[in-house]
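Right, one structure below, let's go through it.
All of the numbers you see were taken from the coordinates with simple rules; none came from a lab. Because the structure is predicted, anything quoted here is derived from the model rather than measured. Neighbour counts run over all protein chains shown; Cβ positions are idealised from the backbone, glycine included.
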2 protein chains.
Amino acid sequence: MAIREQIQAALGTLPGAEKKVAHAFLANYPSIGLSTIAELAALAGTSAPTVLRFVARLGFESYPDFQRMLRADVQAQLMSPLERARSTGPLTDNPALKASFADIAANLEATAKAVSESEFEAACELLSDQKTACYILGGRFTDAIAAYMAAHLRIIRPNVRHFDGQTSTWRDQLLDVRPGDVAVLFDIRRYQSDLVRLGELLVERKARILLITDPWLSPIARSARVVLPCVVDANRTWDSSVAILALAEALIDRVSRAQSDAARARMQTLEDIHWNNPPGR
Amino acid sequence: MAIREQIQAALGTLPGAEKKVAHAFLANYPSIGLSTIAELAALAGTSAPTVLRFVARLGFESYPDFQRMLRADVQAQLMSPLERARSTGPLTDNPALKASFADIAANLEATAKAVSESEFEAACELLSDQKTACYILGGRFTDAIAAYMAAHLRIIRPNVRHFDGQTSTWRDQLLDVRPGDVAVLFDIRRYQSDLVRLGELLVERKARILLITDPWLSPIARSARVVLPCVVDANRTWDSSVAILALAEALIDRVSRAQSDAARARMQTLEDIHWNNPPGR
DNA sequence: GGGGTAGCGTAACAAAAATTACAGTATTGA
DNA sequence: TCAATACTGTAATTTTTGTTACGCTACCCC
C-alpha cells in the first residue's frame, strides 16, 4: 500500500502527462504496474519516456526497481491473514483423502455433541488457575498430544510440566505434586493399567484431575474432577486422535483468550524472544 | 487462484526439476512469478529453460503469457470484497466448541483438496519401503505429531526412528542416515532455521525427504521428494495442527493396509505382546 | 516580444529478457 | 546390458524492454 499512498501524496505536484500516468496506475492497481512501460503508457494515453520520468520523480532508480517495490507491496497484501484464508480455497481434489477426512469430521461433530458446555468451561477454569501447578500426561499414543498441549500451555501460564514417557520415572515426578494441583490425563481405549494406577496416586495426593478420554470412559473417570469424552472410532487399524487434538487446541485457545492483557503481553514477549534468538545454540 | 490450483493439480505429473520450480513458485506466490525467468530459476535452483518448459507444460504460449494470467489472478484477488477491514474476529463466548470445531472441519476439507492424490500415493510408497530406514522429526510444536506418527509406524515396519527434540543431538543422529533413507519432516509457518538446516544436511546425505508443511511451503520443499501441504490457519492465537495429524493418520492407515498378510500378522503379534505383558509391572 | 525553461513525444540505442538449439546425463524397458 | 526415451543444463540467438538523445511546442518571466 505504501506505493499507492506515495503516489496519491505526489499527485498535486505532477505535470499533466505524468498525472495521467498516475491515474491510470491507480485505477488499474496493481496489475498494470507489473506489466511493461509501453502498456502503462498506452493506457495512460501518453508515451514511454513520460512513464519513466514519472517513476524517476517518485524516487525510483529505474523501472525494474519500481516493479520490485510493487511486487513486494502486492506480496505483503496477499499474505495478510485474511487473504491467505481465501487463497487456500478449492484446489485439486483427492477423493481417498476426502473420504478419510469425512469420517474424521464426523468424529469432530460427535465430539462437539458429547462435550457439555459446562464441563468444557470447568476444564478451562482448571487450566487457567495459575496459582497451582499443572501436570500433563498421556498414554502410549496420546502422550504425543499431551506433549503438544504442554508446549502451548507453557507459553500461556507458568508451572506447566509434561510427565515424560518413561513410566519408571513417574514415581519421582510425583513427589512434586501438591494438593490442589491440576493434572491433565489423556487416556483412551485399551486403558493402560499403569496410567490408571498413576491416576489413583494423583488422587491420593489430592490433585484435581482433568480427564480426556473416549466415550467409554477410562476407569480414571471415577475420580476425575472434569471428564471430556472424545470420539475416536474411525474404522481404522488404530483409533483416531484427531478429535482429541482438536479438543486440546480448543482448550488452549479458550484459555489463552481468557488471559488478562498483562498476561498476553508476557506471552507475546516470550514468543518474540523465541524467534529473535533462533535456536541452534 | 486458477493458476495455483492448476499447478497443485499438475504437481504429481511433473519431472523433478520442474517440480522444484512449482514449489518455489507456490512458496513465493505471487511475486516471484511476476519477476523474471532467471530469478525464478535461481530460486528453484534450476535453469531458465526448465522454467520455460514448466510453463509450457501448464499450457501457456510463452512466459509473458503466463505472467499475464498471473497478473489477472492477482488483480482479481486484491479487488475482491473489502472484508479485510474485519480483523481478527471477536471472541464469541457462546458455543465456543462448536464454532471452533467447524473451523477445523473447514481446514480438513481444504487440506483434502490441497493434497494431490499422486503426491499422497508417492508419500505412502516412501513410507512403505522397508528396505531403508525411516527418520521422523518435527519443529517446535509439530514434533509431538512426529512422535505420534513414529509410535504408530514403528509397529507397522522396522527401522523407524524419531529424531528427538534436542537439536544439539541431531548431528550425532545424522551419522546413521544412509543414502536412500526416508526422512519425514514436519515444518510449518515460522519455519525453524535449525530444522531447515537439518533438512539440507539430510539432502546432502542423500536421504529422500517427505515434507509435511503448510500451503506456503517451508523452504525445505525445494529439496523434498514429496510435499504434502496442510491448512493450518484457524483464526487463533496459534495455528491448528489438526489437519496435520489427520493427514499423518491417513498416511499411517494407508500404509498399514498396504502391508502383506505376513507383515500384518507380525503386527498383530506385536500388539498382543504389548497388551498381554502390560507395562508398569 | 524574445530568451529561457519545463513538458512532451519520436526515434535511435543499449540492456535484458525470453527463446531455441544442442549436447550431456540420467532413467526406463527390453 | 544395451538401446531408446525423457530430462536437464549450457550457450548462442532472437525478441522485447527499458533507457537515452534530441527536437518540437507551449508557457512564463524579464
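Return the Rg/Rh value of region B:117-225, two decimal places, where both radii are evaluated on C-alpha atoms and Rh is the Kirkwood radius. Walk me through the numbers before you get to the answer.
On the way: Rg = 12.6 Å, Rh = 13.7 Å.
Rounded to two decimals, Rg over Rh is 0.92.
Plainly put, the tip 7 Å out from Cα toward Cβ on A:S62 is 2.1 nm from that tip on each other copy, the closest given first.
Inter-copy label distances for A:P158: 5.1 nm (label point placed 7 Å from Cα along Cα→Cβ; shortest first). At q = 0.15, 0.31, 0.34 Å⁻¹, what is the log10 ratio I(q)/I(0) for region B:168-211, with the Debye formula run over Cα points and no solvent? Treating every Cα as an identical point scatterer, log10 I(q)/I(0) equals -0.34, -1.23, -1.32.
Axis angle, to the nearest 10 degrees, between helix B:96-114 and the longest C-alpha principal axis of chain B: 80 degrees.
The eigenvalues of the Cα gyration tensor, multiplied by 5 and square-rooted, give region B:108-177 an equivalent ellipsoid with semi-axes of 23, 17, 11 Å from largest to smallest. Amide H contacts of A:I209 (H built 1.01 Å from N, in plane; Pro and chain starts excluded): A:A183, A:R225, A:V226 sit under 5 Å, all sequence-distant by 5 or more or on other chains.
Please compute the average number of Cβ atoms from other chains found within 10 Å of each residue's Cβ in peptide A:139-145. Present the calculation step by step, with values, prior to reporting the outcome.
Values: counts 0, 5, 4, 2, 4, 13, 6.
Averaged over the peptide's residues, the number is 5.
Restriction of the trypsin sites (Lys or Arg not before Pro) in region B:122-209 to DSSP coil positions whose beta-carbon has at most 10 other beta-carbons within 10 angstrom yields B:K131. Over region B:2-79, Cα pairs under 8 Å with separation of 6+ residues give a relative contact order of 31 percent. The calculated Kirkwood hydrodynamic radius for region B:2-79 is 12.3 Å, given to one decimal from all distinct C-alpha pairs.
As I understand it, the value is the acute angle between the Cα axis of helix A:193-204 and the longest principal axis of the Cα atoms of chain A; what does it come to in degrees, rounded to 10? Between helix and principal axis, roughly 80 degrees. If you wrap the protein assembly as shown's Cα atoms in a convex hull and average its projection over all directions, what's the area in nm²? For the Cα atoms of the protein assembly as shown, the hull's average projected area reads 28.0 nm². Per-residue ellipticity at 222 nm, computed for the protein assembly as shown from helices alone with -39500 (n - 2.57) per DSSP H run of at least four residues, works out to -17500 deg cm²/dmol. Report the Cα centroid-to-centroid distance between region B:221-256 and region A:206-254 in angstrom, as an integer. Measuring centre to centre over Cα atoms gives 22 Å. Pair-distance distribution of chain A: all C-alpha pairs, bin width 5 Å, starting at 0; shares per bin in whole percent are 1, 5, 10, 11, 11, 9, 8, 7, 6, 6, 6, 6, 6, 4, 3, 2, 0, 0.
Give me the number: length gained by fully extending A:R4 to A:R222, i.e. 0.36 nm times residue separation minus the C-alpha to C-alpha distance, one decimal in nm.
Numbers: separation 218, 0.36 × 218 = 78.48 nm, distance 6.41 nm.
Once the chain is fully extended between A:R4 and A:R222, it gains 72.1 nm.
When N is the residue count of region A:166-271, what does its C-alpha Rg come to as a fraction of 2.2 N^0.38 Å? Working shown, then result.
Values: Rg = 16.0 Å, N = 106, 2.2 N^0.38 = 12.9 Å.
The value comes to 1.23.
Taking the C-alpha atoms only, the angle from helix A:117-128 to the longest principal axis of chain A is near 90 degrees. Can you tell me the FRET efficiency between B:R154 and B:T13 if r is taken as the Cβ-Cβ distance and R0 is 41 Å, rounded to the nearest 0.05? The pair B:R154/B:T13 has a calculated efficiency of 0.80.
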